[in-house]
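> One structure, as C-alpha cells, below. Some questions next.
The values are calculated or read from the model by the stated rules, or taken from the named source; none is laboratory data. Values in this document were obtained by computation on a predicted structure and should not be read as measured data. Cβ atoms come from the backbone with ideal geometry, glycine included; neighbour counts cover every protein chain shown.
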Amino acid sequence: MELHVTGELEAKLTHSAAKQGRKPDELVQDVLTHYFEEEARFVEAVKRGEEAFERGQHLTHEQVGQRLQRFLKT
C-alpha cells in the first residue's frame, strides 16, 4: 500500500522518526496501529455507556453537577 501525504506532513514524519531513531514507515505503522486500537476502545466504551443507559444506570443532570463540584474542590 502506498500512502501519499503533503510535503509538510512528510517532513514532520521524517523529523519525528529520525528523533526516535526509527524509519518513517515504522512510525506510520505504529501510529496507525495505535489509532485503530484507541478507536476500538472508544467505540466499546460508548457501547457500554449506551447499554448502561438502557438499563437505567445513568446520572441526572443534577448528579453530574454535584460530582463535578466535588471533583473541582479536591
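> Could you say which residue among Thr74, Thr6 is at pLDDT 95 or above and of a type in the set (Ser, Thr, Tyr)? Talk me through it step by step, then tell me what you get.
Values: Thr74 fails: at pLDDT 95 or above.
Exactly one of Thr74, Thr6 is at pLDDT 95 or above and of a type in the set (Ser, Thr, Tyr), namely Thr6.
> Continuing with this model, one more query. Can you pull out every residue in region 17-63 that is touching a Ser or Thr at 6+ places or on another chain (Cβ under 9 Å) and in a helix (DSSP H, G or I)? Walk me through it before giving the result.
Of region 17-63, the ones touching a Ser or Thr at 6+ places or on another chain (Cβ under 9 Å) are 22, 24, 27.
Selection gives Pro24, Leu27.
> So which residues in region 51-74 are surrounded by 10 or more Cβ atoms within 10 Å (Cβ to Cβ) and of a type in the set (D, E, K, R), if there are any at all? Break it down stepwise before answering.
Step one: of region 51-74, the residues surrounded by 10 or more Cβ atoms within 10 Å (Cβ to Cβ) are 51-53, 58-59, 63-68.
Passing the criteria: Glu51, Arg67.
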